[in-house]
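Novice: Sharing a structure below in structure tokens format, with a few things to ask.
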Amino acid sequence: MSKVSIAVIGLNGFLGKPVVDAIESGKFDDKIQFPIKAVTRKEKPSTSKIEYVVAQLDDEHIDDVAAKLKGTDVIIELVAPNPQLFSTLEKVAAKVQPKLYIPSQFGVDILQIDAYARGFLAIKTEHSTKLRESGLKVVDFVTGFFAEPGAFLYEIVGVAGIDPATKTITQRGSPDSKISITKLPDIGYSLVSLSTQDPATLPDTVRISSQVITLQDVIDKYEANHDVKLSVVKTISKEDTLKDFQDRLAAGFNFADFFFYLQAVATQGLDKGVLFSEVHNELVNPGESLFKWGKF
């Protein structure tokens, strides 16, 4: 397979640096056509491996952005969910016609959740559908919960029901509920690895996981790292949690409830959104030949 040309849209979020680090790691130099294009709103100094492309992502500049990305084989999208932005990117992608498009689907498996809680993050599923309607090969990239020291599952711990301010836990379902997690560097390497493969051979959904842990592991790690003992102040069954989740979603998505939503998903078990019977670790990192999966 010849070297692939890659464009990355959206570098300011949590995954921007891991993707850039993976590109610059040297692990994929024989598979990538450098420089890759990184679409940004502000001028940045380009390097031999990354060309920063200044572009305005709105409907008035669709032709301009498409022209700058013309001939790109793979587009990796790292932007936050936004209806107008998604609409613009769908139009850009339809003009560019990359061989592979990886949209912002990172995290839980939305389609698995939709089977029992309709409408959760529907904006992301609709985005993938519209991209496919343009004739594009689209791979939804599922990672389970992000894990990153100083951030996800270490300091940002609402998915385990932890309230750091009060040093308490609202326990939903079993604390032994298993969850798939992925370290951010692993996501970066996996995304770039996926980008270098033949799109025709890829499934529509790729799931990866650095490790499977439990909600209790998150609690134990937080207590050890912060030298604190957390108290369980409320216990709610898996079934009641599911009913609450469904009712809240039916009333409309509320970002203030986001960590409740994730905790509810975590309690539901296998193939319900964040614990997977099938992962594609070997597809992106055969025999750990590219990198070692991180540990919590």
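Read-outs: derived from the displayed coordinates by stated rules, not from any lab. It should be emphasised that the depicted structure is a prediction, and the values quoted were computed from it without experimental measurement. Methodologically, a virtual Cβ is constructed for each residue, glycine included, from the backbone with ideal geometry; neighbour enumeration extends over all protein chains shown.
Novice: How about the range 1-102: which strands (runs of 3 or more DSSP E) wholly inside it have at least 1 residues that are without any contact (Cβ under 8 Å) to a residue 60 or more places away in the chain and surrounded by fewer than 17 Cβ atoms within 10 Å (Cβ to Cβ)? Outline the logic, then answer.
Specialist: Working: elements: 6-9, 36-40, 50-54, 74-77, 100-102.
Those strands (runs of 3 or more DSSP E) span 50-54.
Novice: Given (1) touching a Lys or Arg at 6+ places or on another chain (Cβ under 6 Å); (2) part of a helix (DSSP H, G or I); (3) closer than 30 Å to GLN268 by Cβ, identify the lone condition not met by ILE113.
Specialist: (1)
Novice: Let me ask something else about it. Taking the range 280-296 as the search range and keeping residues that are outside any loop (DSSP other than H, G, I, E, B) and without any contact (Cβ under 8 Å) to a residue 24 or more places away in the chain, which one is farthest from the chain's Cα centre (by Cα)?
Specialist: So, considering only residues that are outside any loop (DSSP other than H, G, I, E, B) and without any contact (Cβ under 8 Å) to a residue 24 or more places away in the chain, the one farthest from the chain's Cα centre (by Cα) is GLY287.
This table checks each residue for (1) crowded, with 19+ Cβ neighbours inside 10 Å; (2) of a type in the set (Ser, Thr, Tyr); (3) part of a helix (DSSP H, G or I).
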position: THR235; (1), (2), (3): no, yes, no
position: THR241; (1), (2), (3): yes, yes, yes
position: ARG248; (1), (2), (3): no, no, yes
position: GLU278; (1), (2), (3): no, no, no
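Novice: Looking at LEU215 and the list (1) more than 23 Å from THR129 (Cβ to Cβ); (2) surrounded by fewer than 17 Cβ atoms within 10 Å (Cβ to Cβ); (3) out of contact with any Leu (no Cβ under 9 Å at 6 or more places or on another chain); (4) not small (Gly, Ala, Ser), which single condition is not satisfied?
Specialist: All conditions are met except number (2).
Novice: Condition check: of a type in the set (Phe, Trp, Tyr) and more than 17 Å from PHE146 (Cα to Cα). Does PHE260 satisfy that? Walk me through it before giving the result.
Specialist: Values: of a type in the set (Phe, Trp, Tyr): yes; more than 17 Å from PHE146 (Cα to Cα): no.
For PHE260, the condition - of a type in the set (Phe, Trp, Tyr) and more than 17 Å from PHE146 (Cα to Cα) - is not met.
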